[in-house]
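Q: Before I ask anything, here is the structure I am working with.
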Amino acid sequence: MKLAKEEGPEVRLSLIAYVTGFDRIADVQEHPIITEFFSDGEVSDLLWAIRSVVSYCELFQNEADFFDFVSKIGGLDLPNEKHITYSTVSPIRARAASATIPLFCAANSIATCTIDPYGLALTQNKFHVVTLLRQFGLPVPDSWLFSSSSGWLNGLKPSVGQKVIAKPVYESASIGIDDQSVFCWNEDEEVFLKKRSYELRQPLMVQAFVPGQEVEVPVIGAQDAVSLPPCSVVLDGKINLADQYLTFETVFNDAYEYKDFTQLEPELAQKISVTASTAHILLTLDGISRVDFRISDTGLYYITDLNAVPHLTRHGAVAHSFQFMGFPYEAMIACLVGVGLRRRNNLHKRPNFDWGE
């Protein structure tokens, strides 16, 4: 925030964000993807907050317009070190599509506020993320991979009677998750998995379901990353969700709330905060991420997901975490801008070579 206050008024920020109703945002057959994108009100709110921190912010609603703008920057007399960008989830239905803008910016020496391209590509696949985190020794639920074309990866599957949740591998914001997504596994359920995988045009991660609380932990930084206050998900007024979980419908309607988990269970909040920042660091992420947990009634906690492009709206977990610390929404945006400014300073720093005698 200090860096943003000092240097923000000297820079221009390009916001590449996708708004509900934009012609490239379509449904994936029966499963809409619109929860990943901004409403008109949300993007206006985001623009207002960004413009309170930087000298100028322009919205681009597709990659092509932004690419065209960058090609003309020379004529605008806008040095790259005075220009930073922030891009949200891409509507391109391809793996690692959200890394397109950051990669393009890297090729043009423009700093970004978004998670770095490698981190975006890596975290696009939920199954790969939980597999890596398990290898690093962090707590994750048992997980299996299923696709309509090739079935179970390596023939591995849950045991009969085990309660599981089926999630699309490449989506976030509860896309592809509904009231049918949690069930007790038996061979008859394979019909459902094939249908759902085919509809979504991607594999499914079938994960052991953990009844209990759901907590989201924003993390900011790189190898120096720190966790912000954990946000406890509240559904129907309940903190202990038991067998409930966030579905697409719940997220679309914003039918959930957050409580400050530190105030509810301070010792456990400290443990999951350390685990969240450790996951962020071990995956070599740089920027703002969000690590999601389920916590059992016995206090066991598991990382169930990691989002490298968390929603930065006022009702999102990141904004609530800042609110729990006593900061306004604009402070969160200042931190986002600060991520880009720190990268910009490193990107354009002249190396100090030691040429010797």
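The values are calculated or read from the model by the stated rules, or taken from the named source; none is laboratory data. As the structure is a prediction and not an experimental result, all values here were calculated from the model. Because the Cβ atoms are built from the backbone with ideal geometry, glycine has one as well, and the counts that use them run over all protein chains shown. These accessible areas exclude ligands, DNA and RNA; they are computed on the full protein's heavy atoms, side chains included. Shrake-Rupley method; radii C 1.70, N 1.55, O 1.52, S 1.80 Å.
Q: May I ask you to say which residue of Asp286, Asp297, Asp292 is in contact with a strand residue (DSSP E or B) (Cβ under 7 Å, 6 or more places away or on another chain), among the acidic types (Asp, Glu) and more than 24 Å from Val19 (Cβ to Cβ)?
A: Criteria check complete, one pass: Asp292.
Q: Mind listing whichever residues of segment 192-230 are outside any loop (DSSP other than H, G, I, E, B) and of a type in the set (A, V, I, L, M)?
A: Leu193, Leu200, Leu204, Met205, Val206, Ala208, Val215, Val217, Val219, Ile220, Val226
Q: Out of the residues in segment 277-292 meeting the condition of being assigned to a strand (DSSP E or B) and charged (D, E, K, R), tell me which one is farthest from Gly137 (Cα to Cα).
A: Arg290
Q: For segment 308-327, how many residues are at negative phi and modelled with pLDDT of 95 or more?
A: Residues flagged as at negative phi and modelled with pLDDT of 95 or more within segment 308-327 amount to 10.
Q: Ok, one more. Listed residues Leu268, Leu300, Leu264; which is surrounded by fewer than 16 Cβ atoms within 10 Å (Cβ to Cβ) and either closer than 11 Å to Pro230 by Cα or at pLDDT below 95 (or both)?
A: Only one candidate qualifies: Leu264.
Q: Right, here's the next one. Inspect segment 11-23 for any residue being open to solvent by 20 Å² or more (accessible area, probe 1.4 Å) and at pLDDT 90 or above and give the result as yes or no.
A: Yes; the residues of segment 11-23 include at least one that is open to solvent by 20 Å² or more (accessible area, probe 1.4 Å) and at pLDDT 90 or above.
Q: Say we look at segment 271-281 and pick out the residues that are surrounded by 20 or more Cβ atoms within 10 Å (Cβ to Cβ) and not hydroxyl-bearing (Ser, Thr, Tyr); which of these is nearest to Ala225 (Cα to Cα)?
A: My answer is His280.
Q: Next question. So how many residues does segment 120-140 have that are touching a Phe, Trp or Tyr at 6+ places or on another chain (Cβ under 8 Å) and more than 18 Å from Ser277 (Cα to Cα)?
A: Residues flagged as touching a Phe, Trp or Tyr at 6+ places or on another chain (Cβ under 8 Å) and more than 18 Å from Ser277 (Cα to Cα) within segment 120-140 amount to 2.
Q: Would you say Gly155 is open to solvent by less than 20 Å² (accessible area, probe 1.4 Å) and out of contact with any Ser or Thr (no Cβ under 9 Å at 6 or more places or on another chain)?
A: No; evaluated as a whole, the condition is false for this residue.
Q: Between Asp188, Asp224, which is at pLDDT below 95 and not basic (Lys, Arg)?
A: It is Asp224.
Q: Yes or no: segment 105-122 includes at least one residue that is in a strand (DSSP E or B) and more than 22 Å from the chain's Cα centre (by Cα).
A: No, every residue in segment 105-122 fails to be in a strand (DSSP E or B) and more than 22 Å from the chain's Cα centre (by Cα).
Q: Could I ask something else about it? Against the definition (within 20 Å of Asp292 (Cβ to Cβ) and in contact with a Cys (Cβ under 8 Å, 6 or more places away or on another chain)), how does Lys163 come out, yes or no?
A: Yes.
Q: Just checking, which of Ile101, Ile115, Ile50, Ile73 is open to solvent by less than 30 Å² (accessible area, probe 1.4 Å), touching a helix residue (DSSP H, G or I) at 6+ places or on another chain (Cβ under 9 Å), at pLDDT 90 or above and farther than 27 Å from Gln202 by Cβ?
A: None of the other options fit; the residue is Ile50.
Q: Of all residues in segment 175-196, how many are among the small types (Gly, Ala, Ser) and buried (at least 22 other Cβ atoms within 10 Å of the Cβ)?
A: 1
Q: Moving on to the next point. Starting from segment 203-224, take each residue that is in contact (Cβ under 8 Å) with a residue 12 or more places away in the chain and under 24 Å from Asn186 (Cβ atoms) and list its partners that are in a loop (DSSP other than H, G, I, E, B) and open to solvent by 10 Å² or more (accessible area, probe 1.4 Å), counting only C-beta distances under 6 angstrom and pairs at least six apart or across chains.
A: Ala208/Asp142; Val210/Ser296; Pro211/Ala242; Pro211/Asp243; Gly212/Ser296; Gly212/Asp297
Q: If Val233 satisfies every condition in (1) under 16 Å from Lys271 (Cβ atoms); (2) buried (at least 22 other Cβ atoms within 10 Å of the Cβ) but one, which is the exception?
A: The single condition Val233 does not satisfy is (1).
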